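The values are calculated or read from the model by the stated rules, or taken from the named source; none is laboratory data. A quick note: this is a predicted structure, and the numbers were derived from the prediction, not measured. A quick note on method: Cβ atoms are made from the backbone with ideal geometry, for glycine too, and the neighbour counts reach across all protein chains shown.
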């Protein structure tokens with residue numbers, strides 16, 4: 001399953017917020033209650049690279065993720081470029 005950080009701006013009150021979901025879905029504005037606000041931008045977070053000390057860890061959100069990304073580790077690398085190269089291989 002994909003995992004996304006969606007960026008929203010309410011057309012009614014101009015409030016801004018972000019939400020992480022398993023799709024690029026609409027959300028409701030917590031400030032004024034306007035319903036079904038579509039994201040103006042979404043970041044794909046299905047796979048991410050996190051730095052932990054001197055290592056770069058490749059994480060993946062599995063198909064079973066529902067209410068959070070539930071990341072699983074795919075590999076550890078000594079450099080970010082090696083982690084990126086790992087993700088580039090399909």
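A few comments on the model shown:
- Taken over segment 80-90, the criterion of being surrounded by 14 or more Cβ atoms within 10 Å (Cβ to Cβ) and closer than 12 Å to residue 51 by Cα is satisfied by 83 alone.
- Taking the criterion of being surrounded by 15 or more Cβ atoms within 10 Å (Cβ to Cβ) and touching a residue at least 24 places away in the same chain (Cβ under 8 Å), the residues of segment 59-73 that qualify are 61, 65, 69.
- Within segment 4-16, the set of residues being surrounded by 15 or more Cβ atoms within 10 Å (Cβ to Cβ) and assigned to a strand (DSSP E or B) comprises 4, 5, 6, 8, 9.
One line per residue, one yes/no per condition, for (1) surrounded by fewer than 11 Cβ atoms within 10 Å (Cβ to Cβ); (2) within 15 Å of the chain's Cα centre (by Cα); (3) within 30 Å of residue 10 (Cβ to Cβ); (4) at pLDDT below 95:
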{"site": "39", "(1), (2), (3), (4)": "no, yes, yes, no"}
{"site": "49", "(1), (2), (3), (4)": "no, yes, no, no"}
{"site": "57", "(1), (2), (3), (4)": "no, no, no, no"}
{"site": "78", "(1), (2), (3), (4)": "yes, no, no, no"}
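- The single residue among 10, 25 that is over 25 Å from residue 80 (Cα atoms) and modelled with pLDDT of 95 or more turns out to be 10.
- From the list 30, 85, 69, the lone residue that is within 18 Å of the chain's Cα centre (by Cα) and either at pLDDT 95 or above or not in a strand (DSSP E or B) (or both) is 69.
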